[in-house]
1. Within the set of other residues whose C-beta is less than 14 Å from the C-beta of Thr98, count the net charge using Lys and Arg as +1 and Asp and Glu as -1.
2. Taking the 0 to 90 degree range and rounding to the nearest ten, how far is the long axis of helix 136-148 tilted relative to the main principal axis of the chain, both from C-alpha atoms?
3. If I take R0 = 35 Å and measure r between the Cβ atoms of Thr150 and Ala41 in this structure, what FRET efficiency does the formula 1/(1 + (r/R0)^6) give, to the nearest 0.05?
4. Considering only protein heavy atoms and a probe of 1.4 Å, how much of the accessible area of segment 87-190 is carbon and sulfur, as a whole percent?
5. Identify which of Gly55, Gly205, Gly110 has the largest mean-square fluctuation in a Gaussian network model of the chain, with springs joining Cα atoms closer than 10 Å.
6. Picking from Tyr142, Tyr200, Tyr166, which is most flexible by a Gaussian network model of the chain using Cα springs under 10 Å?
7. Anything over 25 Å Cα to Cα? Flag those among Lys18/Lys119; Lys33/Lys119; Lys17/Lys47; Lys14/Lys176; Lys17/Lys176; Lys17/Lys119, in the order listed.
8. Above 18 angstrom, tally the Cα pairs of segment 1-89 and express them as a % of all pairs, no decimals.
Amino acid sequence: MANPATAAEPSVMKLAKKSAGESSFTEFTGVTKILEFDAVAGSGVAKGSKVTVTGLEPATTYIYQVGDGTNWSATREFTTTSNTSKFSFSAYGDLQATGPADMAHWIAAGATIEAMEQKPFFSLNVGDIVDNDSRWDYHSHYSSLFDQRTGFANIDMVSGYGNHEYMGTNNAEFIKFLNGHPSLEPSTKYNIDAVGDGTYASVYGNMIVIGLDWESKGGGYTRSE
């Protein structure tokens, strides 16, 4: 996710099979982006990190840490999927948290996932996870879910985008970067300003999950009360 920063330190992931332990960590370098949020409401500067790893084996539990090469997060884990006809996922949306009272329900949800014997393959965020994409205060609460509960940090995230993701920035640029959205950079081949640039698919076992972009998104959108 994001950490306070004023310079673009490297983004690094250390990864190993859980069975091999931390002594077998291999480092992978990713992309760092400094995110500058609204200068008036919910202001702040954060370092966003994205690291892509390929060649993972199915049905395998991996451990990982993320950091800048010197400072590292706690060790977390995830398990890759395999072809199966029996699996589950969790679904939620409309976090839009502004304080501890809002977060309490989400922290409890993370604890519920952690207590499940069979963990969900992924979490499905159906949208409006932030109230305004340009405000760091909303992103900080979203980020804290992954810091506080392994129930969120240890499973994959499939994110859809609603109208609130597109408030504050023309193309939901911050939340897309922090969610590792696959279509982040401008393209001359594909018109990313057209409806649909937030649409993508993920494969889990024998299931394809398709996220469809919000049809009225974009810089021309205005909201009236």
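The values are calculated or read from the model by the stated rules, or taken from the named source; none is laboratory data. The model shown is predicted, which means the values in this text are computed figures rather than measured ones. Here Cβ is always computed from backbone atoms with ideal geometry, including for glycine, and neighbour counts include all displayed protein chains. Just so you know, the surface numbers come from the protein's heavy atoms only, side chains and all, with ligands and any DNA or RNA stripped out. Shrake-Rupley method; radii C 1.70, N 1.55, O 1.52, S 1.80 Å.
1. On the way: positive: Arg135; negative: Asp94, Asp102, Asp128, Asp131, Asp137.
That sum, taken over residues with Cβ under 14 Å, equals -4.
2. 10 degrees
3. Working: r = 31 Å, r/R0 = 0.90.
Using R0 = 35 Å, I get an efficiency of 0.65.
4. The computed percentage sits at 51.
5. Among Gly55, Gly205, Gly110, the largest mean-square fluctuation in the Gaussian network model of the chain belongs to Gly55.
6. Fluctuation is largest for Tyr200.
7. Values: Lys18/Lys119 17 Å; Lys33/Lys119 32 Å; Lys17/Lys47 27 Å; Lys14/Lys176 23 Å; Lys17/Lys176 28 Å; Lys17/Lys119 18 Å.
Check vs 25 Å cut-off fails for Lys33/Lys119; Lys17/Lys47; Lys17/Lys176.
8. Above the 18 Å cut-off, segment 1-89 has 53 percent of its Cα pairs.
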